[in-house]
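Structure, as structure tokens:
Read-outs: derived from the displayed coordinates by stated rules, not from any lab. Because the structure is predicted, anything quoted here is derived from the model rather than measured. Note that we place each Cβ from the backbone using ideal geometry, even for glycine, and neighbour counts take in every protein chain shown.
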Amino acid sequence: FLLRNGASVGVGRSSVRDIEKHGHPRALELAKVGAVRDVIEDAPVGLLVVDGSLGLPGAAVGHVEQRVAPHADNDYWVVAAASIIAKVHRDRIMIALSREYPRWGFQQHMGYGTRDHVVALREHGLSVHHRPGACRTILSK
């Protein structure tokens, strides 16, 4: 996505398999790397602002300067915009999943552990899009 003043935002994704295999922190890093590669392919990048406390591996971002900033969405408008783009993108994925897997009501809870989501998990078990490790406690009660 190109934003004003030439700023770009990439969207990265990690699968259930990535998260279960590598753990959440590493899967998040893989998604961030995917987002950066998405941006680098579209436009030259002068500065990469990474929201969080850890930068990305140099091999993943090439010779792009990184600025690591916890809560970067408070200080950088492009990161705030990226957060909104990511949320809308994720919501669209959840709505599409709700059409394919209507029993779980993804369009209502958007994947968050709401009461309705817990009830659906207990009633129907896991879909292929649920993380078994994260749902183990919910299903054991």
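With one equal scatterer per alpha carbon and no solvent term, the Debye-computed log10 I(q)/I(0) for the chain at 0.18, 0.20 1/Å reads -1.07, -1.21. Among 61, 126, 88, whose Cα projects farthest towards the positive end of the dipole of the chain, with charges put on the beta-carbon of Lys, Arg (+1) and Asp, Glu (-1)? The one lying farthest along the dipole's positive direction is 126. For segment 1-133, averaging the sequence separation of C-alpha pairs within contact (under 8 Å, six or more residues apart) and dividing by the residue count gives a relative contact order of 18 percent.
Residues whose amide H comes within less than 5 Å of that of residue 50, counting only those at least five positions distant or on another chain, are 67, 68, 69 (H built at 1.01 Å from N in the peptide plane). When peptides 104-115, 25-36 are sorted by average Cβ neighbour count within 10 Å, with the highest value leading, the order is 25-36, 104-115. The charge dipole of the chain, taken about its Cα centre with unit charges on the Cβ of Lys, Arg, Asp and Glu (plus for the first two, minus for the last two), comes to roughly 580 debye.
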